[in-house]
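Working notes for the structure below.
Taken together, the values in this text are just the output of simple stated rules run on the coordinates, not laboratory data. What you are looking at is a predicted structure, and each value in this text was computed from that prediction instead of being measured. Reconstructed Cβ throughout: ideal geometry from the backbone, glycine too, with neighbour counts over all protein chains shown.
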Amino acid sequence: MPLSREKIATTAIRLADAHGLDGLSVRKLAKELGVGPMRLYDYVANRSELLDLMVDVVYARIAETGSDSDSDSGSDSDSAPWRATVLAIAHATRAAALDHEWFADLLGGRPHLGPHALAVGEATAAALSRAPGVRGVDGLQRTLGALNAFLVGAVRSEVTERRTARATGTDEAAFQAGLGPYLTRMLQTGKYPTVARLVIEGAHLDAEETFDHNLTTVLDGITGRSRT
């Protein structure tokens with residue numbers, strides 16, 4: 001198969017999925033493709049452009065979800081469709097980051113301006129512009145900022161927890177058991193009653209359900225009030 005930007009991106013994504021961004025280099029990618037490193041520069045100018053290309057491939061998957069949701073709901077309505085679109089895009093972003101953990105590392109950094117990333121941004125902004133309580137460009141900017149801050153934070157936190165569990169070779173129960181004696185001593189001082197209640201009474205929460213609940217709460221908060 002001839003070399004192409006699509007083939008380069010697909011191979012780079014496979015390497016990053018297996019080894020992370022630290023394990024991805026132009027030299028390793030060229031070796032995987034069976035070409036000399038200089039050959040890749042005919043298709044991507046540098047590593048940053050390679051990462052942009054990879055990111056936009058992931059955004060293509062997210063863009064399809066947002067497009068499907070909007071068409072299924074009916075984009076001319078002012079009520080449910082905007083919300084369904086935003087929820088679908090947010091859940092698709094989380095799913096993409098869990099499938100490609102390196103993608104989470106690149107969220108919230110330099111702007112993503114590839115065609116599919118822009119399509120996701122357009123779909124999200126257009127949907128939120130129809131939400132009640134969002135007034136004018138300033139209101140839309142603030143709403144997008146709040147939503148993105150939650151999304152990036154939640155996704156990166158979940159990916160970090162998964163990596164930590166793999167790195168330590170322990171699950172959450174084993175991790176808690178290891179800290180048990182220390183934590184028990186600290187809580188018995190009586191200085192941290194609310195933390196103690198969370199530790200003793202708090203249930204293990206499903207990650208997907210927690211993400212959905214928190215996303216809904218944030219969305220309700222940033223779109224549910226009139227702003228002047």
Prolate/oblate/rounded call for segment 93-228, Cα gyration tensor, a/c under 1.5 rounded: oblate
Around residue 17: net Lys/Arg minus Asp/Glu count, Cβ-Cβ under 15 Å: +1
Sum of side-chain charges, residue 58 neighbourhood, beta-carbon under 13 Å (Lys, Arg +1; Asp, Glu -1): -4
Length added when fully stretched, residue 17-residue 157, from 0.36 nm per residue minus Cα-Cα: 48.6 nm
Potential lengthening between residue 99 and residue 167 on full extension [0.36 nm per residue; Cα-Cα distance subtracted]: 22.7 nm
Span-like helix ranges in the chain, DSSP H, alpha carbon extent 27 angstrom or more, Kyte mean at least 0.5: 80-99
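Check each of the trypsin sites (Lys or Arg not before Pro) in segment 183-220 and keep only those in coil by DSSP with at most 13 other C-beta atoms within 10 angstrom; list them in order.
The qualifying sites are 191.
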Prolate/oblate/rounded call for the chain, Cα gyration tensor, a/c under 1.5 rounded: oblate
Residue 182/residue 25 FRET efficiency (R0 41 Å; Cβ-Cβ; nearest 0.05): 0.50
Sites residue 125 and residue 49, calculated FRET efficiency, Cβ-Cβ separation with R0 22 Å, nearest 0.05: 0.30
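Which order do 166, 5 fall in if you start with the one that has the fewest other Cβ atoms within 10 Å?
166, 5
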